[in-house]
Structure formats: C-alpha cells, structure tokens
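Each remark here refers to the structure printed beneath this line.
The values are calculated or read from the model by the stated rules, or taken from the named source; none is laboratory data. Predicted model, so just to flag it, every value in this text is computed and none were measured. Virtual Cβ from ideal backbone geometry, glycine too; neighbours counted across all protein chains shown. Accessible surface is based on the protein model in full, side chains and every heavy atom, while ligands, DNA and RNA are left aside. Shrake-Rupley method; radii C 1.70, N 1.55, O 1.52, S 1.80 Å.
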Amino acid sequence: MPEIREYNRARAVAYARRWAFSRNPLFFDFTGRGGNCTSFVSQCILAGCCQMNFTPDFGWYYISSDERAAGWTGVEFFYNFITANAEEPGVGDGLGPFGREVRGQILSLGDVIQLGRRDGDYYHTLIVTGYGRRTYLVSAHSDDAYNRPLSSYNYSRIRYIHIEGYRTDERFVSNCFDDLINGVSLGI
C-alpha cells in the first residue's frame, strides 16, 4: 500500500536553481521539439519527491527521450496526471506526485503555474522559485529563466497547481536527490 509523504519544496527549488540555465545530461533537451518547459518542471518535482509513476500511457516517468510518459513533457498531459493522481488514487498505481488546481494566492515554493492562450490552450509550464513584489518569481526552460517575475510574461489564461504531496511504495530510490541534482543517475 503506497504511503503519502511530504513533497520537499526546498529540493525542487534547489534543482531549479542548479539547472535553470543549463541542461542536466540525464534528460533529453526538447527545446525546438515542442519545448523543454514541462520536462524541466517535471525534473524539479522529481527532485522534490524521488518517485515516478510508471503506469503506461497515463503515468509520469522518464527513462529516455523515447521511453517517457506524455505527462512528463506535455503541458496538458502533466496537468491531467497531477490533478487526476490527486483525485483518483486508483488511477494506475497512484504513485508519484499529486496536486490540485488552486487560486493563485495560496501557491508555495515548488508549486506549478501554467500559461494559456485565450482559446484555452495551455502552452507553458513554470515552477515557483521565489516571491517578488506582488508577483511570483518563476523558473523555466525553453526561454530559460530563474526567479523571473511572473508579471513579465504575456498570457491570456493562467492556472495554478499546488503540489500536495506524493505517494511512494519505496520501489524507487528513496533519496535520489544527490544523484539527480549532480547529473549522475535517475535512480531508477
């Protein structure tokens, strides 16, 4: 039976700080091939929980550029995984991070923001890495940024995702953080 654990926000932010302006060699760089923003945020979240979800089609995992879940790299797929994993722990095996869409005023470090177009198409994923005057500071890939004011982005729609925790069954290395942030191993 999976155990619910607290998401380590400090580790997620430390990972973002380390890799915001470069690429971890453990992961393929999708810049120019649909964008690297959601993969980067997934990497940050992995640093904060060290637990993937290997459910075929609907999980959240990365083994290689050819062997990964759509939820790892796709903006909408990421949203669907994180929020469904929170509401329906019976979907797949329920392992990995889970969260819910919230009002913007209650975001914490390590939470996620997605930007969208007027037509409702969400296209960019960011991670909260700080607080500024009346705005969140975010980090991202594709257009690399660390602690960039959210207010400097141009968008029509926005959604905020609070990462509530993660489920683990200890199959995954319980402390992958050091190897992950140093680009040594995914620990899988």
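For a quick check of your reading of the model, give me the residue pairs whose first member lies in the stretch 74-94 and is farther than 17 Å from Ile113 by Cβ and among the aliphatic types (A, V, I, L, M), whose second is part of a helix (DSSP H, G or I) and at pLDDT 60 or above, with beta-carbon atoms closer than 9 Å and at least 6 apart or on different chains.
Note: pairs meeting the criteria are Val91/Phe81; Val91/Ala84; Val91/Asn85.
Is the stretch 37-55 home to any residue that is part of a loop (DSSP other than H, G, I, E, B), surrounded by fewer than 20 Cβ atoms within 10 Å (Cβ to Cβ) and not acidic (Asp, Glu)? Reasoning before the result, please.
To start, the set of residues in the stretch 37-55 that are part of a loop (DSSP other than H, G, I, E, B) comprises 50-52, 54-55.
Within this subset, residues satisfying the condition of being surrounded by fewer than 20 Cβ atoms within 10 Å (Cβ to Cβ) are 54-55.
Now restrict to residues that are not acidic (Asp, Glu): 54-55.
The answer is yes, given that some residue of the stretch 37-55 is part of a loop (DSSP other than H, G, I, E, B), surrounded by fewer than 20 Cβ atoms within 10 Å (Cβ to Cβ) and not acidic (Asp, Glu).
Counting only residues that are among the hydrophobic types (A, V, I, L, M, F, W, C) and either assigned to a helix (DSSP H, G or I) or open to solvent by 10 Å² or more (accessible area, probe 1.4 Å) (or both), which one in the stretch 56-78 is modelled with the lowest pLDDT? I'd like the intermediate steps shown before the answer.
To start, the set of residues in the stretch 56-78 that are among the hydrophobic types (A, V, I, L, M, F, W, C) comprises 58, 60, 63, 69-70, 72, 75, 77-78.
Checking the rest, the ones that are also either assigned to a helix (DSSP H, G or I) or open to solvent by 10 Å² or more (accessible area, probe 1.4 Å) (or both) come to 58, 63, 70, 72, 75, 77-78.
Values: Phe58: 91, Ile63: 96, Ala70: 97, Trp72: 98, Val75: 98, Phe77: 98, Phe78: 98.
Across the stretch 56-78, the extreme among qualifying residues is Phe58.
For (1) touching a residue at least 24 places away in the same chain (Cβ under 8 Å); (2) of a type in the set (A, V, I, L, M), each residue gets a yes or a no:
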| site | (1), (2) |
| --- | --- |
| Tyr136 | yes, no |
| Ala140 | yes, yes |
| Ala145 | yes, yes |
| Pro149 | no, no |
| Arg157 | yes, no |
| Gly165 | yes, no |
| Cys176 | yes, no |
| Leu180 | yes, yes |
| Leu186 | yes, yes |
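Only residues that are of a type in the set (Val, Ile, Thr) and either in a helix (DSSP H, G or I) or within 18 Å of Leu126 (Cβ to Cβ) (or both): list them for the stretch 1-36, please. Show your work before the answer.
Narrowing the stretch 1-36 to residues of a type in the set (Val, Ile, Thr): 4, 13, 31.
Those that are of a type in the set (Val, Ile, Thr) and either in a helix (DSSP H, G or I) or within 18 Å of Leu126 (Cβ to Cβ) (or both): Val13, Thr31.
Cβ contacts < 7 Å: first residue under 13 Å from Asp143 (Cα atoms), restricted to the stretch 22-39; second residue part of a loop (DSSP other than H, G, I, E, B) and among the basic types (Lys, Arg), any location; separation 6+ or different chain. Result?
Asp29/Arg23
Look through the stretch 1-23, keep the residues that are buried (at least 18 other Cβ atoms within 10 Å of the Cβ) and among the aromatic types (Phe, Trp, Tyr), and return whichever of them is farthest from Gly96 (Cα to Cα).
Filtering the stretch 1-23 for residues that are buried (at least 18 other Cβ atoms within 10 Å of the Cβ) and among the aromatic types (Phe, Trp, Tyr), the one farthest from Gly96 (Cα to Cα) comes out as Trp19.
Among the strands (runs of 3 or more DSSP E) contained in the stretch 97-188, which hold 3 or more residues that are under 19 Å from Thr38 (Cα atoms) and of a type outside the set (A, V, I, L, M)?
122-132, 145-149, 157-168
What are the pairs with Cβ atoms under 6 angstrom where one residue, in the stretch 41-66, is free of Cβ contacts under 8 Å to residues at least 24 places away in the same chain and basic (Lys, Arg) and the other, located anywhere, is open to solvent by less than 30 Å² (accessible area, probe 1.4 Å) and part of a helix (DSSP H, G or I)? Sequence gap at least six, or different chains.
Correct list of pairs: empty, since none qualify.
Listed here are the residues, each with its yes/no results for (1) farther than 15 Å from Val13 by Cα; (2) open to solvent by 30 Å² or more (accessible area, probe 1.4 Å).
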position	(1), (2)
His124	yes, no
Arg133	yes, yes
Val138	no, no
Leu150	yes, no
Phe177	no, no
Leu186	yes, no
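Can you name the condition, by its number, that Gly94 falls short on among (1) open to solvent by less than 30 Å² (accessible area, probe 1.4 Å); (2) part of a strand (DSSP E or B)?
(2)
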